[in-house]
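Quick one: structure below, then a few questions.
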Amino acid sequence: MLSLVLGATVSASTIVLATFMAGFSLGAYFLGKIVNTSLKPGRLLAFLLIGIGIFGLINLYFLKSFLPSLYQTLGSKEISILTTELIVYSIAIILLLFQTFFMGGMIPVVSKIIIQKKENISSGIGKIYALDTLGSTVGGLLTGFVFMGSLGQQNTVFVAFAINIFIGLYLFFSRSYFHVNDSHEIVEDSTKHSTKKSNKKEIENSFLNRKMALLATFIFGFSIMALQVIWMRMYKIYLTNTSYTFALISSLVIIGFFLGSWLFSKYSDKINNYGIAMLKAIILLGLFTGIGLIILVNLPEIIMFPFENLLSRPFIKLILMPMLAALVVVFPPAAVSGFAFPLACRMLTTKIDQVGKSVGTALTLNSLGSAVGPIFAGFIFIPLLGSGVSVILVLFIEFALSVFLVFQLKTLKANKIYKPVLVAISIFLLIIVIYKPQIKILPPSFSKIDKEILFYKETVEASLVVSKETNNKSEVKTAYVNNAVVIGSTYDAIKAVKMIGHVPFFTGLDCKEVLVVGFGIGVTTSTIASHPEVKSIDCVELAAGLKDAAKYFSDINNNIINDPRLHFIAGDGRHFLQRTNKKYDLISSDPTHPILGSANLYSQEYFELCKAHLTENGMVSQYLPLHKLRPQDFLGIIKTFQSVFAEATVWLGHTHAILIGSKKPINIEFEEWEENIATIGRDPVFYTNPYHLAACLMLDKSQINNIDPEVKIDTDDLSYLEFFKPSCFDNDNLSKNITYLSDNRTDLIHVFSNIDDPEQMERFISGNQYFIKSSIHFQKGDMQKSLDELRKAVKVNPENQEYPFLIKFYFGVPR
């Protein structure tokens, strides 16, 4: 919900995550102090639960209604975009801080209630933290895999509100835990089997334990959350980027916390020296971090390729693969961190009546480290060092802490071995960080196919790669954002994106001001720029580094980055529309596939945003994929689009589709259509026959109105594109969707009038129908039938020069 208001950027999510942990830290600190003197911790717990629930509803209102409208209100008062952003972000941060402040007090308050005897301190803290993290895991998985997709965002918040309010009111009216034992028992020193020491020695040990615990819990929080940002970046290059994937990985981090804290609760009584145990924990964290980096760099060979034959199954691809990847990389360090937190709490606790304060202090430092870690990782480490070296820097910080601890622990028996080894490892890691080698994390296909890397760059938002592959004496250049292909230089990809840019102009659109959402490598933008009447193009791109990659595609984007009419804007295109009052004659969107991270650019609310920013005669053109969408999802996008743009049409761009929407009826004079197409001249990678392009019209508003009423509108609140069914990955979805378009093809006279040669138009339509059959056979792997259908297309439509080209291009045979 926050990403819909603040933008779906790594920068925004990092700020949100840091704010969340900062609020947690503040709550742990202040509420830990309060509960320490409170004789009625049960009442305080009730207030915390009720407060979390109430602020959940308040935040829901602000995120759904107030903040989006605030952009429009401030914009209408001509307040600058920067000032507007500062105001909106400040309000969002304050709202988060209030709710997470209450959340931060939960563990200290519960610790005060549960732990009443000194012999229960270690096991009690371990169990409380274990149950807290277990609840977090269950809540995260249920929300990501069940609630969001079935109940929607708003109802999920209502469920959480009801749970908190019910338990809070029960605690308050039942007066449970209002009175607890206020004991002042002194806790034994952490070295349990040593002889009784002087008070001075006890004070020294207590001070040393406190210093080590505070520093260690901060570094553990810093390391795990910094690593999580870096891990997520690296996983995006390897795995299918969906909400399910990252909900699963995040939950496995918390499961690791659960396992570590549970182990502490079971075996804490066997720890003879807590300081030495903390040293070993930080060393183990470093070892697991290093091993994880080695695995991540070689993840395709180690994990992905052995399961290659199974990856066609959606469950394996979406669930098992990220689970395995997270188990070997993320889970072990998280488990060590889960062990270290209750250990730090135990080291800080010297009196039984101080347990709430001690747990609050440990949680404060741990959460503070967790707030700082993502900011350093996202805004400093990755942009300066790259993700691979960033992990090494975190690894250096972990071993530097181990060096500090080993010099503090004079009683450590193996000190002569520990000191030189840990110092040597730390120096070695520091040298690597200073030298800054480039560790390239590449999409899995690079490990199997010999591709020349033309461009590699890691930015705050994404990792970018441009590759060149030579096949059958032809070169194919491809741009990747993480592991998603932005666009290849293949014919079908070029045709689709050029249609997105050209078709509005061919219909007769009078266009001066253009907004492009998603620059890619600039083909759509350059297509729009080829129309001389265009005066200005605002182009918003989430992965701003693609501007630097565009030069490698100058042969198909006409060096668009040097066009003075282009204004390149880094950020989220939807968020840009929220915060600007500017109106456009054309808004063109060419996002990634909706189930791979851009579902919010296919919802009803996004299309309404586009409509609100169109001039009276303006148009929207939008990429519509045919693959990885169930027929009901594919038709749902069309129906969602038409719910906003009554004058909607669907066009076929080879094996992709595009949506064209307008505020006014789309009525095209064929003579004007021909004249507009003629103005662009000959394009070697785009077939410009006006009959051929007119035959690409599949659906108009009348056919869209006939879509099954059971097909649902996609909304931000309940998005079946964001939380899709695994059957989206069925191989025959493209065939089903393109067949639907062919079987329900509209009569061109609904859109075109005064076609010069109706008989020729019929031949082009017949040829297009055979082409669609050829595409279906091609997708199913039946090359011979695909070729036969293309030859039939040539026979019925000899005027169409695209089909002989495709026969030679795909099959290497003459017509």
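The values are calculated or read from the model by the stated rules, or taken from the named source; none is laboratory data. In this text the structure is predicted, and so the values were computed from the model without any measurement. Counting neighbours? That spans all protein chains shown, and the Cβs are built from the backbone with ideal geometry, glycine included. Keep in mind that these areas ignore ligands, DNA and RNA; they rest on the heavy atoms of the full protein, side chains included. Shrake-Rupley method; radii C 1.70, N 1.55, O 1.52, S 1.80 Å.
Of the heavy-atom accessible surface of the chain (probe 1.4 angstrom), what whole percent is carbon and sulfur? Show your work: numbers first, answer last.
Numbers: 20150 of 33430 Å².
Of the solvent-accessible surface of the chain, carbon and sulfur hold 60 percent.
Quick one: which residues, 5+ away or cross-chain, put their amide H under 5 Å from the amide H of G653? H built at 1.01 Å from N.
It is I658, by chain and number.
If the only charges are +1 at each Lys and Arg Cβ and -1 at each Asp and Glu Cβ, what is the size of the charge dipole of the chain around the Cα centre, to the nearest 20 debye? Display every interim value, and only then the final one.
Working: 71 positive and 64 negative charges, 913 e Å.
Dipole magnitude for the chain comes out near 4380 debye.
Another question, if that's okay. Using a ≥ b ≥ c from the Cα gyration tensor of the chain (square roots of the eigenvalues), is it rounded, prolate or oblate, where a/c under 1.5 gives rounded and otherwise the larger of a/b and b/c decides, a/b for prolate? Provide the component values of the computation, followed by the final result.
Values: a/c = 2.55, a/b = 1.95, b/c = 1.31.
It comes out prolate by the Cα gyration axes.
Find the lysine pairs in region 500-583 meeting two conditions, Cα atoms under 16 Å apart and a separation of 8 or more places or different chains, and report how many there are.
Numbers: K512/K535; K512/K582; K512/K583; K535/K582; K535/K583.
Count of close lysine pairs: 5.
When the Karplus curve 6.51 cos²θ - 1.76 cosθ + 1.60 is applied with θ = phi - 60°, which whole-Hz ³J(HN,Hα) does each residue of region 570-575 get, with x for Gly and Pro?
7, x, 8, x, 5, 5
Taking the Cα centre of region 353-451 as origin, work out the dipole magnitude from +1 charges on Lys and Arg Cβ and -1 charges on Asp and Glu Cβ, in debye rounded to 20.
Working: 9 positive and 3 negative charges, 62 e Å.
Using Cβ point charges on Lys, Arg, Asp and Glu, region 353-451 gives about 300 debye.
Now, a different point. Give the residue from S426, V466, G518 lying farthest towards the positive end of the charge dipole for region 426-521; charges sit on Cβ (+1 for Lys and Arg, -1 for Asp and Glu) and the dipole is referred to the Cα centre.
In region 426-521, that residue is S426.
Translational D (Stokes-Einstein, µm²/s) of region 282-331 at 37 °C and 0.692 mPa s when Rh comes from the Kirkwood sum over C-alpha pairs? Please report the intermediate quantities before stating the final value.
Numbers: Rh = 11.5 Å.
Rounded, D is 285 µm²/s.
Which order do the peptides 447-456, 683-692 take when ranked by the mean count of other beta-carbon atoms within 10 Å per residue, highest first?
Working: 447-456: 13.8, 683-692: 16.3.
Final packing ranking: 683-692, 447-456.
Which order do the peptides 700-712, 628-640, 342-354 take when ranked by the mean count of other beta-carbon atoms within 10 Å per residue, highest first? List each step's numbers first, then the result.
Numbers: 700-712: 14.3, 628-640: 21.3, 342-354: 24.2.
Descending packing order for the listed peptides: 342-354, 628-640, 700-712.
Still on this structure, I have one more. Could you pull out every residue, at least 5 positions away or on a different chain, whose amide H is within less than 5 Å of the one on K351? Hs are placed 1.01 Å off N in the peptide plane, and Pro or chain starts have none.
Sorted by chain and number, the residues that satisfy this are V187.
In a shell of Cβ-Cβ distance under 11 Å around K712, excluding K712 itself, what net charge do Lys and Arg (+1) and Asp and Glu (-1) give?
Around K712, the charge tally is -3.
Send over a whole-number figure in Å² for the accessible area per residue of region 708-761, probe 1.4 Å.
Details: 2720 Å² over 54 residues.
With the other protein chains kept in place, region 708-761 gives 50 Å² per residue.
Continuing with this model, one more query. At 1.4 Å probe radius, can you tell me the per residue accessible area of region 273-344 in Å²? Show your work: numbers first, answer last.
Numbers: 2580 Å² over 72 residues.
Dividing the accessible area of region 273-344 by its residue count gives 36 Å².
Another one. Could you order the peptides 533-541, 382-390 from most to least packed, using the average number of other C-beta atoms within 10 Å per residue? All intermediate terms of the calculation are to be shown ahead of the outcome.
On the way: 533-541: 19.1, 382-390: 21.1.
Highest to lowest by the protection proxy: 382-390, 533-541.
OK, next. Tell me, what ³J(HN,Hα) does each residue in region 632-643 have, in order and in whole Hz, if you take phi through Karplus 6.51 cos²θ - 1.76 cosθ + 1.60 with θ = phi - 60° and put x for Gly and Pro?
Residue by residue, region 632-643 yields 5, 6, 4, 5, x, 5, 4, 5, 4, 4, 6, 5 Hz.
Please report, to two decimal places, log10 I(q)/I(0) for region 645-736 at q = 0.21, 0.23, 0.24, 0.25 Å⁻¹ as given by the Debye formula with identical point scatterers on the Cα atoms and no solvent.
Result of the Debye calculation: -1.24, -1.35, -1.40, -1.45.
Report the local net charge at N667: Lys and Arg +1, Asp and Glu -1, summed over other residues whose C-beta lies under 12 Å from its C-beta. Present the calculation step by step, with values, prior to reporting the outcome.
Values: positive: K664, K701; negative: E647, E669, E672, D700.
Here the count lands on -2.
Suppose every Lys and Arg Cβ carries +1 and every Asp and Glu Cβ carries -1, with no other charges. What dipole size does region 488-602 come out with about its Cα centre, to the nearest 20 debye?
Working: 11 positive and 12 negative charges, 37 e Å.
Taking the Cα centre of region 488-602 as origin, the dipole is about 180 debye.
Count charges around M347 for me, please; just the other residues with Cβ under 10 Å from its Cβ, Lys/Arg as +1, Asp/Glu as -1.
Values: positive: R210, K211, R346; negative: none.
Around M347, the surrounding residues sum to +3.
Let me ask something additional. With the contact rule set at Cα under 8 Å and sequence spacing of 6 or more, what percent relative contact order holds for the chain? Can you show the working numbers first?
Values: 1465 pairs, mean separation 106.0, N = 815.
Dividing the mean separation by the residue count of the chain yields 13 percent.
Just want the answer: with Cβ charges of +1 for Lys and Arg and -1 for Asp and Glu, which residue in F506, Y552, I303 is farthest toward the dipole's positive end in the chain?
Going by the Cα projections, it comes out as I303.
What number, in percent, do you get for the relative contact order of region 64-164 if the mean sequence gap of Cα pairs under 8 Å and at least 6 apart is divided by its residue count?
On the way: 22 pairs, mean separation 13.4, N = 101.
Once divided by the residue count of region 64-164, the mean separation gives 13 percent.
Using a 1.4 Å probe, what is the accessible area per residue for region 382-461, in Å²?
Details: 4150 Å² over 80 residues.
Here the per-residue accessible area is 52 Å².
So what's the Cα pair-distance distribution over region 31-176, bin width 10 Å, in %?
Values per bin, smallest distances first: 10, 30, 31, 18, 8, 2, 0.
On to the next question. Given Cα pairs under 8 Å that are at least 6 residues apart, what percent is the relative contact order of region 609-709?
Relative contact order here is 31 percent.
Can you give the calculated 222 nm mean residue ellipticity of the chain, where each DSSP H run of n ≥ 4 adds -39,500 (n - 2.57) and the sum is split over every residue, rounded to the nearest 500 deg cm²/dmol? Write down the numbers at each step before the final one.
Values: 30 runs with 465 residues, N = 815.
So the calculated ellipticity at 222 nm is -19000 deg cm²/dmol.
Now a separate question. Please state, rounded to one decimal and in Å, the Kirkwood hydrodynamic radius that region 578-665 gives when every pair of distinct Cα atoms enters the mean of 1/r. Show your work: numbers first, answer last.
On the way: mean 1/r = 0.0759 Å⁻¹.
For region 578-665, inverting the mean 1/r across all distinct Cα pairs yields 13.2 Å.
Given K236/K448; K628/K808; K127/K317; K628/K712, which pairs have Cα atoms separated by over 23 Å? Before the final figure, lay out the partial values.
Numbers: K236/K448 18 Å; K628/K808 28 Å; K127/K317 34 Å; K628/K712 18 Å.
Check vs 23 Å cut-off fails for K628/K808; K127/K317.
Moving on to the next point. Putting +1 on Lys and Arg Cβ atoms and -1 on Asp and Glu Cβ atoms, find which of Y740, I237, I125 reaches farthest to the positive end of the dipole of the chain.
I125
Counting only residues 5 or more places away or on other chains, whose amide H sits under 5 Å from the amide H of S463 once H atoms are built in the peptide plane?
N482
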